[in-house]
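Chemist: Take a look at this one; I'll ask things after.
The values are calculated or read from the model by the stated rules, or taken from the named source; none is laboratory data. Computed from a predicted structure; not experimentally measured. Virtual Cβ from ideal backbone geometry, glycine too; neighbours counted across all protein chains shown. To get the accessible areas, we keep the full protein, side chains included, count just its heavy atoms, and leave off ligands, DNA and RNA. Shrake-Rupley method; radii C 1.70, N 1.55, O 1.52, S 1.80 Å.
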Amino acid sequence: GTLRDLMVGDVPVIWVRSPQLLLTASAVAVVFFFVVRKHAPPLKALMIADAFVLALFTVIGAKAAIRWDLAPAVVVAMGVITGVAGGIVAGVKRSR
């Protein structure tokens, strides 16, 4: 969402305007950090959850672009960018 917001000039970005999003994500990350150390989640469950989150973020990005009255092709691009940009950043970090 950060990349999407910056590309269309919607600043401050969403998590700065709504800090509860950042707080929620941080709390979930901390909880799962400790839970996963004790109990490894099944890989299939992680794959399914990842697919649902990808779909959710894609829809959120497309809805934001629709709200800004962008062209249909841009709506699709913003949905894709919102859905996959975080995964791309994480993949680049892992490859280093």
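Chemist: Could you grab the pairs with beta carbons closer than 7 Å, sequence gap of 6+ or different chains, first residue in segment 17-31 and in contact (Cβ under 8 Å) with a residue 60 or more places away in the chain, second one open to solvent by 70 Å² or more (accessible area, probe 1.4 Å)?
Modeler: Cβ pairs passing all conditions: none.
Chemist: Which of the residues that make up segment 3-16 are within 16 Å of the chain's Cα centre (by Cα) and either touching a residue at least 60 places away in the same chain (Cβ under 8 Å) or open to solvent by 80 Å² or more (accessible area, probe 1.4 Å) (or both)?
Modeler: Scanning segment 3-16 gives 3, 4, 6, 7, 15.
Chemist: What tally of residues in segment 40-54 results from selecting those that are basic (Lys, Arg) and either in contact (Cβ under 8 Å) with a residue 24 or more places away in the chain or closer than 22 Å to residue 11 by Cα (or both)?
Modeler: Qualifying residue count, segment 40-54: 0.
Chemist: Take the residues in segment 55-70 that are aliphatic (A, V, I, L, M) and open to solvent by less than 70 Å² (accessible area, probe 1.4 Å); name whichever of them is farthest from residue 13 (Cα to Cα). Break it down into steps so the answer makes sense when it comes.
Modeler: Here is the first cut: in segment 55-70, the ones aliphatic (A, V, I, L, M) are 55-56, 59-60, 62, 64-66, 70.
Keeping just the survivors that are open to solvent by less than 70 Å² (accessible area, probe 1.4 Å) gives 55, 62, 64-65, 70.
On the way: 55: 21, 62: 16, 64: 12, 65: 14, 70: 18 Å.
Within segment 55-70, the match that is farthest from residue 13 (Cα to Cα) is 55.
Chemist: While we're on this one: Select from segment 28-44 the residues that are under 27 Å from residue 78 (Cα atoms) and either surrounded by 10 or more Cβ atoms within 10 Å (Cβ to Cβ) or among the charged types (D, E, K, R) (or both) and list them in ascending order.
Modeler: 28
Chemist: Tell me which helices (runs of 4 or more DSSP H) are completely within segment 1-68 and hold 1 or more residues being over 20 Å from residue 88 (Cβ atoms) and of a type in the set (S, T, N, Q), or say none if there are none.
Modeler: 19-38
Chemist: Based on this model, can you work out whether residue 59 counts as at pLDDT below 90 and out of contact with any Lys or Arg (no Cβ under 6 Å at 6 or more places or on another chain)?
Modeler: no
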